[in-house]
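What follows is a set of notes on a single structure, which appears directly below.
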Amino acid sequence: MHEQAFRFGSARHLVGVVGLPAVIDHGVGVLFLNAGMVYRIGPFRLHVELARRLNGLGYPTLRFDMSTIGDSGASGQRLSRPEQVVADVRDAMELLQQQSGCTRFVLFGLCSGAQNAHSAAHADSRVVGALFLDGYGHRTLGQRVRHYLPRLLSVSSWRHRFSRHATVNAAGAPHPAEPMFVVEPLPPKVVRGQLGEMLQRGLKLDFIYSGGVARYFNHIRQFRECFGRLADHPNMSASHFKETDHTYVLSGDRQRLLDHVEQWMQRHFPVTRPGM
Amino acid sequence: MKARIEAELPFYFGPGRELFGFYHPAAAVKGSAVLLCPPFGVEQVRCHRLYRQLAHGLAESGFPVLRFDYFGTGDSAGESRQFEWTRCLADVITAASELRARHGGGRVLAFGARLGANAALAAAQSARLDGVVAWDAITDGAALVRQYERMQESLKVDLNRFEYPRPTLDVSSQWPGFERSDALRSQLIQLRLLDPGVASAWLYSSTPDEPSAPDEHRAGRQVRVEVEPRWDDVDSLELAILSHPLLDAAKRHLKEMA
């Protein structure tokens with residue numbers, strides 16, 4: 001395994017680290033997109049650990065900062081944020097192609113990184129696969145029933161509700177979310193349409209939902225409720241890691257995720273010779 | 001601004017090119033350069049933006065700057081559990097040499113937050129640093145270990161983070177977000193804050209936690225800064241620390257030492 005740092009992009013405004021296997025015997029590289037505002041190493045170094053695991057299997061990787069995030073600057077171009085995301089991913093693909101020779105790419109994105117991976121995968125035909133972590137999905141009737149019914153029937157939940165003024169910040173008790181900036185997601189109908197187009201192009205798509213987003217996704221059955229017949233497509237897969245949190249803060253949870261990604265990559269983009 | 005950012009250089013350096021660095025050249029060099037020593041673990045991720053802003057500010061003021069990651073952290077080689085104190089101090093020495101080589105000699109000052117401050121102070125003589133500005137340096141290593149372990153235990157039953165509490169899960173070999181070795185735990189328990197033998201300034205947050213409680217031996221040299229990093233708060237693990245008062249104080253003290 002060999003890692004090299006680069007400044008790259010149309011305005012040399014992007015910063016990233018390319019990881020190369022000892023033997024490159026594969027035409028597919030993996031790009032890691034920022035998870036929210038966390039810089040390119042990923043939450044608790046998730047991207048570093050996963051990139052090195054994939055390098056060991058023979059896949060070239062690039063973990064990088066999108067425009068204005070982490071160590072990357074602004075492009076100076078007059079692009080909307082969604083347009084800039086697609087332009088940045090194109091710059092990243094070109095760098096990884098120059099360094100490794102790969103011409104097809106898989107995108108890995110968590111949270112807003114999943115939304116950005118969706119947009120880039122839809123926009124560029126060189127993308128042949130994507131892993132969306134806590135990406136698109138929307139609340140359904142089933143989700144609401146599963147979320148609210150246990151709380152309605154729970155004595156402790158009612159007790160907590162009546163005494164919340166006294167216990168709102170007690171250890172272990174949930175508290176209201178703090179205000180934050182969020183990117184407006186695409187409407188579900190648009191998401192379904194774009195996913196359909198990606199599947200028609202032959203993309204392999206994997207959705208992984210954590211227990212940290214139970215507010216909008218809380219059962220694997222919900223995947224079909226969200227995406228209908230697309231969920232049955234052979235190139236579409238979904239998992240629900242209900243025990244984990246949104247950013248995989250515990251090492252065991254991260255290892256489980258790494259194992260999952262490794263297996264998915266080897267199933268859909270098998271390498272003939274390992275990288276190390 | 002754009003040209004200066006383009007000139008900033010990410011690279012790998014040191015024996016085996018195992019360390020990741022980010023060099024910020026200065027347009028008009030004043031004779032001193034600054035090494036930024038990062039904190040450890042989740043604190044390093046939380047401080048990344050702050051360190052970048054500080055590097056930009058210093059470079060604009062004429063100080064070339066090197067940011068870097070210790071072995072086993074950030075973009076550097078090594079697994080997280082391989083981070084340990086002796087190697088950390090060796091990395092400070094390697095990074096100071098790298099900065100001196102790129103800067104063309106001259107004085108090298110350092111800034112560090114939390115364990116990054118301790119690393120800069122402990123390695124000051126060996127790394128031939130000419131001054132250190134410390135922010136919330138760890139004055140009680142055992143208290144830091146207790147804090148990390150308390151946070152780790154509370155994490156697994158945190159209903160703001162997990163849908164289901166996991167009280168029986170063994171997470172004793174981890175500190176928030178990262179695996180750690182037994183050797184590192186022992187090293188940090190024994191960690192003491194020593195006089196670096198060079199010029200030093202001591203910044204501390206307006207609400208310091210137990211591990212970084214101000215030390216009475218340095219009472220005359222300590223400066224309180226209006227910043228609340230909430231080092232011990234499990235709800236802040238993913239929150240970046242941004243503070244103009246801290247940036248201003250760090251730059252002011254580094255300029256005074258230059």
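The values are calculated or read from the model by the stated rules, or taken from the named source; none is laboratory data. Here the structure is a predicted model, which is why all the values come from computation and not from measurement. A quick note on method: Cβ atoms are made from the backbone with ideal geometry, for glycine too, and the neighbour counts reach across all protein chains shown.
For the stretch A:146-158, which positions are modelled with pLDDT of 70 or more and over 27 Å from the mean Cα position of the chain (by Cα)? Spell out how you get there, then give the answer.
First, pick out the residues of the stretch A:146-158 that are modelled with pLDDT of 70 or more: A:146-155.
Once the filter is applied, which keeps residues that are modelled with pLDDT of 70 or more and over 27 Å from the mean Cα position of the chain (by Cα), the stretch A:146-158 yields A:Y148, A:L149, A:P150, A:R151, A:L152, A:L153, A:S154, A:V155.
Given the structure, is A:A238 hydrophobic (A, V, I, L, M, F, W, C), part of a helix (DSSP H, G or I) and either at pLDDT 95 or above or touching a Leu at 6+ places or on another chain (Cβ under 9 Å) (or both)?
Values: hydrophobic (A, V, I, L, M, F, W, C): yes; part of a helix (DSSP H, G or I): no; either at pLDDT 95 or above or touching a Leu at 6+ places or on another chain (Cβ under 9 Å) (or both): yes.
For A:A238, the condition - hydrophobic (A, V, I, L, M, F, W, C), part of a helix (DSSP H, G or I) and either at pLDDT 95 or above or touching a Leu at 6+ places or on another chain (Cβ under 9 Å) (or both) - is not met.
For the stretch B:163-175, filtered to residues that are at the interface with another protein chain (Cβ under 7 Å from one of its Cβ atoms) and touching a residue at least 12 places away in the same chain (Cβ under 8 Å), the residue that is surrounded by the most Cβ atoms within 10 Å (Cβ to Cβ) is B:Q174. Cβ-Cβ distances below 8 Å connect the following pairs, each with a first residue in the stretch B:73-88 that is at the interface with chain A (Cβ under 9 Å from one of its Cβ atoms), a second residue that is among the β-branched types (V, I, T) and not in a helix (DSSP H, G or I), and a separation of six or more residues or different chains: B:G74/A:I41; B:D75/A:V17; B:D75/A:I41; B:S80/B:T73. Anything in the stretch A:243-273 that is more than 10 Å from every other protein chain (Cβ to nearest Cβ) and buried (at least 18 other Cβ atoms within 10 Å of the Cβ)? List them, or say none. Hits for the stretch A:243-273 are A:L257, A:V261, A:W264, A:M265, A:F269, A:V271. Residue-level check: of (1) surrounded by 15 or more Cβ atoms within 10 Å (Cβ to Cβ); (2) at pLDDT below 95; (3) within 22 Å of the chain's Cα centre (by Cα); (4) of a type in the set (A, V, I, L, M, F, W, C), B:L203 misses just (2). Looking only at the stretch A:109-129, residues that are assigned to a strand (DSSP E or B) and within 22 Å of A:H13 (Cβ to Cβ) come to 2 in all. The set of residues from the stretch B:120-133 being out of contact with any Gly (no Cβ under 6 Å at 6 or more places or on another chain), of a type in the set (A, V, I, L, M) and either crowded, with 23+ Cβ neighbours inside 10 Å or at pLDDT below 95 (or both) comprises B:L121, B:A123, B:A124, B:A127, B:L129, B:V132, B:V133.
The strands (runs of 3 or more DSSP E) falling completely within the stretch B:1-103 include none with 2 or more residues that are of a type in the set (S, T, Y), over 15 Å from the mean Cα position of the chain (by Cα) and at pLDDT 95 or above.
Taking the stated definitions as given, is B:G141 at pLDDT below 95 and more than 14 Å from chain A (Cβ to nearest Cβ)? For B:G141, the condition - at pLDDT below 95 and more than 14 Å from chain A (Cβ to nearest Cβ) - is not met.
Of the residues contained in the stretch A:99-108, one or more are found to be at pLDDT 95 or above and in a helix (DSSP H, G or I).
Can you tell me how many residues within the stretch B:177-203 are more than 7 Å from chain A (Cβ to nearest Cβ) and part of a loop (DSSP other than H, G, I, E, B)?
Residues of the stretch B:177-203 that are more than 7 Å from chain A (Cβ to nearest Cβ), as a first pass: B:180-203.
Checking which are part of a loop (DSSP other than H, G, I, E, B) leaves us with B:180-181, B:190-198.
Summing the residues that are more than 7 Å from chain A (Cβ to nearest Cβ) and part of a loop (DSSP other than H, G, I, E, B) in the stretch B:177-203 gives 11.
Looking at B:P208, B:P214, can you tell me which residue is touching a residue at least 60 places away in the same chain (Cβ under 8 Å), under 17 Å from the mean Cα position of the chain (by Cα), surrounded by 14 or more Cβ atoms within 10 Å (Cβ to Cβ) and in a loop (DSSP other than H, G, I, E, B)?
Details: B:P214 fails: under 17 Å from the mean Cα position of the chain (by Cα).
Only one candidate qualifies: B:P208.
Of all residues in the stretch A:14-55, those satisfying the criterion of being at pLDDT below 95 and either surrounded by fewer than 20 Cβ atoms within 10 Å (Cβ to Cβ) or within 8 Å of chain B (Cβ to nearest Cβ) (or both) are A:A22, A:V23, A:I24, A:D25, A:G27, A:G36, A:M37.
The rows are residues; the columns are (1) over 18 Å from B:Y51 (Cβ atoms); (2) in contact with a Leu (Cβ under 9 Å, 6 or more places away or on another chain).
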site: B:R192; (1), (2): yes, no
site: B:V198; (1), (2): yes, yes
site: B:S205; (1), (2): no, yes
site: B:V223; (1), (2): yes, yes
site: B:I241; (1), (2): no, yes
site: B:L246; (1), (2): no, yes
